[in-house]
Amino acid sequence: MGKIYHNLKITEIIIPFAHSTLFFYFKMIEINPIIIPQKTTKLPIEIYPTVPTQFIINNYPKLLPTWKQVPKSVLIVLLYAKLSIENINQDTQAEKERLKQEFLQLGNDLKYILQKENYFIEIIDPQDGKPINSHNATMNFDLIAIVNQILGFNYYHTQQGCKVLNHPTQKTGIYPSILLSDTDPIKIDDSLKKSILLTSYISTRKVNNHEKVINCE
Ligand code: B12
């Protein structure tokens, strides 16, 4: 199965997503995301296996009270929303709930895959930024600060004092969350790419130079 995936020509992978901007966007950034479609809408999910920020390393006992060691990787998961979620109304709350369930489903799938290789995974609740399995964290993960620091995506402050991401192509129609692991991101990346569970619809890219994205858009 892995072999097939690596021999796939670019065109065969791009078309299912039909996001021409998505193609140019990946042509421009220095990141190697894994892209899979959501279960309910087939809209993309971007998965970035990366290293933790200094803030997470310095504060992990408050953020992850059950952990005995510093996390070695953060998996940033960005789910594309059907609509912009920057306002509070019935549609955005319903869409946030749909995206939360999609993320939790995916989180459990990834946990199942990686635990088979004895890699420990912690799923973070995208609504409050705390581990879903241990509720006595004294600090929550600030998802926008993490995506901004690691991926460099901009954000803006809302009237009510929140922060909203400005994804290069999806703008504010994006739902962020994270998972953490005790294993380094390269092993995680390899394991996910090799996993049968995700191979049927995974596509990955090798691309160049992040800053240009903002200019292109
Ligand atoms: C708290 C919160 C709110 C509060 C804001 C209060 C506040 N003071 O922040 C309220 C309830 C008002 C709110 C409203 C909204 N929110 Co809000 N909110 C959050 C939540 C749960 C936490 C944000 C947070 O931690 N802020 C940090 C503040 C509290 O602390 P700070 O002192 O400024 O900074 C500290 C942290 O940054 C901390 N820190 C923690 N981890 C890290 C990591 C790093 C690397 C660094 C550097 C620092 C750091 O260190 C700093 C010093 O201690 C996030 C989810 C998440 N876990 O990130 C969603 C979240 C940011 N909200 C979201 C949204 C969409 C909204 C709304 C815009 C719309 C909606 N439908 O809900 C509304 C606002 C409507 C409006 N028009 O204004 C989305 C944004 C999605 C996107 N595309 O960007 C999020 C991500 C939830 C989600 N998963 O969808 N929100």
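Taking the stretch 121-138 as the region of interest, how many residues are open to solvent by less than 80 Å² (accessible area, probe 1.4 Å) and more than 6 Å from the ligand (Cβ to nearest atom)?
Final tally of qualifying residues: 10.
Return the residue satisfying two criteria in turn: it lies in the stretch 77-96 and is more than 9 Å from the ligand (Cβ to nearest atom) and farther than 26 Å from Ile150 by Cβ, and of such residues it is surrounded by the fewest Cβ atoms within 10 Å (Cβ to Cβ).
Ranking the qualifying residues of the stretch 77-96, first place goes to Gln90.
Looking at the stretch 33-55, which of the residues that are away from the ligand (no atom under 16 Å from the Cβ) and charged (D, E, K, R) is nearest to Ser181 (Cα to Cα)?
Within the stretch 33-55, the match that is nearest to Ser181 (Cα to Cα) is Lys39.
Taking the condition under 18 Å from the mean Cα position of the chain (by Cα), at pLDDT 95 or above, within 16 Å of the ligand (Cβ to nearest atom) and open to solvent by 30 Å² or more (accessible area, probe 1.4 Å), does Gln170 pass?
No; evaluated as a whole, the condition is false for this residue.
The values are calculated or read from the model by the stated rules, or taken from the named source; none is laboratory data. Everything numeric here is computed off the predicted structure, so don't read it as measured data. Positions of Cβ are generated from backbone atoms using ideal geometry, with glycine treated the same way; all protein chains shown enter the neighbour counts. In case anyone asks, the SASA skips ligands and DNA or RNA and just uses the protein heavy atoms, side chains included. Shrake-Rupley method; radii C 1.70, N 1.55, O 1.52, S 1.80 Å.
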